[in-house]
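Participant: Would you mind keeping the following structure in view while I ask a few things?
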Amino acid sequence: PGVPRHTNRLINEKSPYLLQHAHNPVDWYPWGQEAFDKAKTENKLIFLSVGYSTCHWCHVMEEESFKSKEIGEIMNEHFVCIKVDREERPDVDKVYMTFVQATSGGGGWPMSVWLTPDLKPFAGGTYFPPEDGVHRVGFRTVLLRIAEQWKENKDALLESSHRILVALQHTSEIRVQGQESPPAAKEVMDTCFQQLSRSYDEDYGGFSKSPKFPTPVNLNFLFTYWALHRTAPEGARALQMALHTLKMMAHGGIHDHIGQGFHRYSTDQHWHVPHFEKMLYDQGQLAAMYSRAFQISGDEFFADVVRDILLYVSRDLSDQAGGFYSAEDADSYPTTTSGEKREGAFCVWTAEELRALLPEPVEGATEGTTLADVFMHHYGVEEAGNVDPMKDPHQELQGKNVLIARSSLELTAARFGLEPAQLSALLQECRHRLSSARAQRPRPHLDTKMLAAWNGLMISGFAQAGAALAEQGYVSRAAEAAAFLRTHLFDPDSGRLLRSCYRGKDNSVEQSAVPIQGFLEDYVFVIQALFDLYEASLEQSWLEWALHLQHMQDKLFWDPKGFAYFSTEAGDPSLLLRLKDDQDGAEPTPNSVTVTNLLRAACYSGHMDWVEKAGKILAAFSERLQKIPITLPEMARATAVFHHTLKQVVICGDPQGEDTKEMLHCVRSVFSPNKVLMVADGDSAGFLYRQLPFLASLERKDGKATAYICSNFTCSLPVTSVQELRGMLSP
């Protein structure tokens, strides 16, 4: 491409999504005072467009409407146009998404909202086609109608926007009612389990027919439910639901069998044809879930999936300074000479390509069998393509194959007269060849924005995997990323987290001119990561930083009147609502995770007011937890942790001693949702001893590493046998 015809203010931004729109003929502004002042001075409406860089329909609307000179002229004449990256500013996104969902019954991205000059929304939707169709009004028509309304009926629009805002403030309020206490754990857990059980897909796993999402929060809940009901049939079913779902996902096309990692979601019931973007938050949470599945089952299959996810993140989503990038796009150019991008082009195959890449005969197999025959059978490849046309509305995948493991190793081996071990090696060789061939294709766009919250989720994934799989390399990678956060996304002067930083020129790490301050989710996921990292590394500085951040979170976000934490700080006049999220989605809602964080913080510090705060959060969400806990499975899980009281597992010993290592390995290899781990190494000047004076009274027995199980700082008799310790760890 030559010199761009248009350049707008977004050229000065750091967000990859905003930069994608810097050459639109639309006079875009970033969210900020300059745009607000212009709208007020010129008495113009605001058109707000919110999306993210790996959003397929955002790309479509840009191609069709925002790159159109004619539509751009209409937008510039009648509106002040603002572009927002929802991953950079989840606060702005949430306020206006609450409006769009309340007024249209649906939501999604791109989000298109029209605001009065004082930022109150009065009309909105998601994707609009450029021109009128049989079933949909076109974007051009909507723009002209709204501009006309503003000219003719300004007062009515202003009145309507005010009424809408008052209604939203009322309906979005979450607060404790009267003297409510935390709901009973048994009732909440049983209801949530029954609701999940009813929505469970017995054949393919997962919790809906289609589209089908990984929903790690559901799996995490089921593992905890199993741990508390190990001997009951309900416990066995909970475990079966979680493990079967994880197995079917790993076999499916949602799992990238050639390039590793997981795509966002499946468009069908079978986990087959995915929406192809890959998000950091999915990789982090799924690494943790597969680690837990391995801890519980001992099945190496799950450990292999953990290694697969972490290989992908280490190779493709890692900045050389230690942070993690946000996402890879779904769309890419099929070849270096293609003019337009297609969804999934980087990942799909024709039967013809595979035959050309894998032509050799297979030694020892039935006569005439080639590598391609074996590979295509195992991964469900069909000559005419294996994608259901119903799942491919734009015919982008016609004649293509999305790899899905259709058969077990044993069955494929038997079909071709091979040994399973031999087949496994052959398939690995085939995957390696395909990986090399794929490396020649144009790569999808990489969003190199680095977010504190998502880096937190990924650090937890590496730390938990390192502990569960006894892989020190993963723990080191988690520590490297935590050090990156401390250097680039933490302001030591104010003691506060920042939301985002960016890969700059020459691979430097850059910050925007006015850094975005951290939101509640940044604090919550980073604190969780630091606790996970301490338990995996025993490095007390991570613990110290986690407790500092917890105090800061209390100061910035706690609601002393209605209880629980607001998603945003007070004092930003451009945010019309201060909200509390009430649903665990692709990521758990911060209030859900913070309940467990507060309980862990209390165990490591002795500050019992944090236990009280955890109870107040559960009280504030009590009605939702009792009626529809399936919308808050992570908070339902935390209810059980709250009522069962966390066990402090204290190991007295030299962290480098073999006997201590053996005990640590035992603790880390057992899934126990209600424990915190700490090592009392005898350093009375250390951070933990200063926080928890009771540690000084615990000592080694007979000079050996010794474990104590403590509850509310009262400890059991000392244990020196690993077998005995294992028995004591179950809830």
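The values are calculated or read from the model by the stated rules, or taken from the named source; none is laboratory data. None of these values were measured; they are calculated from a predicted model. Cβ sites come from the backbone with ideal geometry, for glycine too, and all protein chains shown count toward neighbours. All accessible areas refer to the heavy atoms of the entire protein, side chains included, with ligands and DNA or RNA removed. Shrake-Rupley method; radii C 1.70, N 1.55, O 1.52, S 1.80 Å.
Participant: Condition check: out of contact with any strand residue (DSSP E or B) (no Cβ under 9 Å at 6 or more places or on another chain), surrounded by fewer than 17 Cβ atoms within 10 Å (Cβ to Cβ), closer than 29 Å to Ala293 by Cβ and of a type in the set (Lys, Arg). Does Lys661 satisfy that?
Facilitator: When the stated conditions are applied, Lys661 passes them.
Participant: Mind listing whichever residues of the stretch 680-695 are out of contact with any helix residue (DSSP H, G or I) (no Cβ under 6 Å at 6 or more places or on another chain), farther than 19 Å from His548 by Cα and surrounded by 14 or more Cβ atoms within 10 Å (Cβ to Cβ)?
Facilitator: Asp681, Gly682, Phe694
Participant: Count, please, the residues in the stretch 208-227 that happen to be crowded, with 20+ Cβ neighbours inside 10 Å and assigned to a loop (DSSP other than H, G, I, E, B).
Facilitator: Number of matching residues: 2.
Participant: Can you pull out every residue in the stretch 54-103 that is closer than 26 Å to Arg443 by Cα and assigned to a strand (DSSP E or B)?
Facilitator: If the condition is that a residue be closer than 26 Å to Arg443 by Cα and assigned to a strand (DSSP E or B), then Lys83, Val84, Asp85 are the ones that fit.
Participant: Closer than 30 Å to Glu510 by Cα and within 27 Å of the chain's Cα centre (by Cα), is that true of Ile309?
Facilitator: When the stated conditions are applied, Ile309 passes them.
Participant: Here's another thing I want to ask about it. Among the residues of the stretch 261-307, what is the count of those that are in contact with a helix residue (DSSP H, G or I) (Cβ under 6 Å, 6 or more places away or on another chain), assigned to a loop (DSSP other than H, G, I, E, B) and open to solvent by less than 30 Å² (accessible area, probe 1.4 Å)?
Facilitator: Residues flagged as in contact with a helix residue (DSSP H, G or I) (Cβ under 6 Å, 6 or more places away or on another chain), assigned to a loop (DSSP other than H, G, I, E, B) and open to solvent by less than 30 Å² (accessible area, probe 1.4 Å) within the stretch 261-307 amount to 4.
Participant: On the given criteria, is Leu677 buried (at least 17 other Cβ atoms within 10 Å of the Cβ), within 30 Å of Asp299 (Cα to Cα) and in contact with a Ser or Thr (Cβ under 8 Å, 6 or more places away or on another chain)?
Facilitator: For Leu677, the condition - buried (at least 17 other Cβ atoms within 10 Å of the Cβ), within 30 Å of Asp299 (Cα to Cα) and in contact with a Ser or Thr (Cβ under 8 Å, 6 or more places away or on another chain) - is not met.
Participant: Return yes when Asp582 is open to solvent by 10 Å² or more (accessible area, probe 1.4 Å) and part of a helix (DSSP H, G or I) and no when it is not.
Facilitator: So Asp582 fails the test.
Participant: Can Lys69 be described as over 30 Å from the mean Cα position of the chain (by Cα), modelled with pLDDT of 95 or more and open to solvent by 50 Å² or more (accessible area, probe 1.4 Å)?
Facilitator: Yes.
Participant: Among the residues of the stretch 461-519 satisfying the criterion of being open to solvent by 60 Å² or more (accessible area, probe 1.4 Å) and in a strand (DSSP E or B), which is farthest from Pro30 (Cα to Cα)?
Facilitator: Arg503
Participant: Taking the criterion of being over 22 Å from the mean Cα position of the chain (by Cα), in a helix (DSSP H, G or I) and within 21 Å of Glu539 (Cβ to Cβ), would at least one residue in the stretch 648-658 satisfy it?
Facilitator: Yes, because at least one residue in the stretch 648-658 is over 22 Å from the mean Cα position of the chain (by Cα), in a helix (DSSP H, G or I) and within 21 Å of Glu539 (Cβ to Cβ).
Participant: While we're here: Looking only at the stretch 334-358, which residues are farther than 28 Å from Leu371 by Cβ and either crowded, with 19+ Cβ neighbours inside 10 Å or among the aromatic types (Phe, Trp, Tyr) (or both)?
Facilitator: Lys341, Glu343
Participant: Sort through Pro629, Pro633 and tell me the only one that's buried (at least 24 other Cβ atoms within 10 Å of the Cβ), more than 11 Å from Leu598 (Cβ to Cβ) and in contact with an Asp or Glu (Cβ under 6 Å, 6 or more places away or on another chain).
Facilitator: Pro633
Participant: Okay, moving on. For a quick check of your reading of the model, give me the residue pairs whose first member lies in the stretch 137-163 and is open to solvent by less than 60 Å² (accessible area, probe 1.4 Å) and of a type outside the set (Ser, Thr, Tyr), whose second is at pLDDT below 95 and assigned to a helix (DSSP H, G or I), with beta-carbon atoms closer than 9 Å and at least 6 apart or on different chains.
Facilitator: Ile146/Leu157; Trp150/Leu157
Participant: Of these, Tyr534, Tyr523, Tyr565, which one is crowded, with 21+ Cβ neighbours inside 10 Å and more than 19 Å from Gly284 (Cβ to Cβ)?
Facilitator: Tyr565
Participant: Another question, if that's okay. Tell me, please, whether a residue that is modelled with pLDDT of 95 or more, open to solvent by less than 20 Å² (accessible area, probe 1.4 Å) and closer than 20 Å to Glu569 by Cα can be found in the stretch 100-118.
Facilitator: Within the stretch 100-118 (the criterion being modelled with pLDDT of 95 or more, open to solvent by less than 20 Å² (accessible area, probe 1.4 Å) and closer than 20 Å to Glu569 by Cα), the answer is no, since none of the residues qualifies.
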